[in-house]
1. Sort out which residues of the stretch 69-101 are modelled with pLDDT under 90, touching a helix residue (DSSP H, G or I) at 6+ places or on another chain (Cβ under 7 Å) and among the basic types (Lys, Arg), and write them in order of number.
2. Among the residues in the stretch 2-15, are any at pLDDT below 85, over 34 Å from the mean Cα position of the chain (by Cα) and surrounded by 10 or more Cβ atoms within 10 Å (Cβ to Cβ)?
3. Say whether the condition of being surrounded by 10 or more Cβ atoms within 10 Å (Cβ to Cβ), of a type in the set (Ser, Thr, Tyr), more than 15 Å from the chain's Cα centre (by Cα) and part of a helix (DSSP H, G or I) is met by at least one residue in the stretch 39-54.
4. Restricting the search to the stretch 112-163, which residues are within 28 Å of residue 80 (Cα to Cα) and among the basic types (Lys, Arg)?
5. Anything in the stretch 78-98 that is within 18 Å of residue 160 (Cβ to Cβ) and either of a type in the set (A, V, I, L, M) or surrounded by fewer than 12 Cβ atoms within 10 Å (Cβ to Cβ) (or both)? List them, or say none.
6. Yes or no: the stretch 101-116 includes at least one residue that is free of Cβ contacts under 8 Å to residues at least 24 places away in the same chain and surrounded by 15 or more Cβ atoms within 10 Å (Cβ to Cβ).
7. Any residue that is closer than 30 Å to residue 64 by Cα and surrounded by fewer than 15 Cβ atoms within 10 Å (Cβ to Cβ) - is there at least one of those in the stretch 144-160?
8. Working only within the stretch 161-172, note down all residues that are surrounded by 13 or more Cβ atoms within 10 Å (Cβ to Cβ) and either touching a residue at least 12 places away in the same chain (Cβ under 8 Å) or acidic (Asp, Glu) (or both).
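The values are calculated or read from the model by the stated rules, or taken from the named source; none is laboratory data. Note that this is a predicted model, so its numbers are computed, not measured. Note: ideal-geometry Cβ built from the backbone for every residue, glycine included; neighbour counts use all protein chains shown.
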Amino acid sequence: MSREELVLDSPVAEARLLAHGDAVRELLLARARAEGERAARAAAGTCLDVAVERLIAFEEEARLSLARTAAELALEIARTLLRTELARGSYDLERIVRETLSEASVGRSACVVHLHPADHARLADVRFRSGTRLEPDEGVARGDVHVETSLGLLVRDLDGALESIGKRLQEDLA
């Protein structure tokens, strides 16, 4: 019987005495199994890493989408409430006009305040600073105020304000 030397890359986990041919075959099978298991674990780990990365990306996308949807919903709720309150006439029109006049920064200079005809009728008996004239204007929406001055036109537009808020929200979420 001849003696052959076997070189193993990994430590021997189990040894048993077999006939020469069987021993080599068993050793090769054990090595192949061990290599297969190592390769399978490595592949499974890689797949798991990729899956985790995809899940993290999906979560970030879902959070951003949820934030955008919440902002759109809040804006639509505000728009609906605003329309409801405008239809009821439940807004402090005098305060809105006075604030808009103040923002116009024309002091006591002459100006014309354009209002929706229904809003104009509501303020018919209200006194504003001298040189201020109220005009009904079909082109102005209820609750909006357009102040015409020597410096130009100042527009207080509720729908425009909501649109501006919506754009800023979307930019902040981008």
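1. Those that are modelled with pLDDT under 90, touching a helix residue (DSSP H, G or I) at 6+ places or on another chain (Cβ under 7 Å) and among the basic types (Lys, Arg): none in the stretch 69-101.
2. Of the residues in the stretch 2-15, the ones at pLDDT below 85 are 2-15.
Filter once more, keeping what is over 34 Å from the mean Cα position of the chain (by Cα): 2-15.
Narrowing the set further to residues that are surrounded by 10 or more Cβ atoms within 10 Å (Cβ to Cβ) leaves 10.
Checking the stretch 2-15: at least one residue is at pLDDT below 85, over 34 Å from the mean Cα position of the chain (by Cα) and surrounded by 10 or more Cβ atoms within 10 Å (Cβ to Cβ).
3. In the first step, residues of the stretch 39-54 are kept if they are surrounded by 10 or more Cβ atoms within 10 Å (Cβ to Cβ); the result is 39-54.
So of that shortlist, the ones also of a type in the set (Ser, Thr, Tyr) come out as 46.
Next, only the ones that are more than 15 Å from the chain's Cα centre (by Cα) stay: 46.
This time we only want the ones that are part of a helix (DSSP H, G or I), so: 46.
Checked against the condition, which is being surrounded by 10 or more Cβ atoms within 10 Å (Cβ to Cβ), of a type in the set (Ser, Thr, Tyr), more than 15 Å from the chain's Cα centre (by Cα) and part of a helix (DSSP H, G or I), the stretch 39-54 yields at least one hit.
4. 122, 142, 156
5. First pass over the stretch 78-98, keeping only residues within 18 Å of residue 160 (Cβ to Cβ): 78-83, 85-86, 91, 93, 96-97.
78, 80, 81, 82, 86, 93, 96, 97 - these are the residues of the stretch 78-98 that are within 18 Å of residue 160 (Cβ to Cβ) and either of a type in the set (A, V, I, L, M) or surrounded by fewer than 12 Cβ atoms within 10 Å (Cβ to Cβ) (or both).
6. No - not one qualifying residue is present in the stretch 101-116.
7. Step one: list which residues in the stretch 144-160 are closer than 30 Å to residue 64 by Cα, which gives 157-160.
Adding the requirement that they be surrounded by fewer than 15 Cβ atoms within 10 Å (Cβ to Cβ) leaves 159-160.
Within the stretch 144-160 (the criterion being closer than 30 Å to residue 64 by Cα and surrounded by fewer than 15 Cβ atoms within 10 Å (Cβ to Cβ)), the answer is yes, since at least one residue qualifies.
8. Going residue by residue through the stretch 161-172, those that are surrounded by 13 or more Cβ atoms within 10 Å (Cβ to Cβ) are 161-163, 165-166, 169-170.
Correct list: 162, 163, 165, 166, 169, 170.
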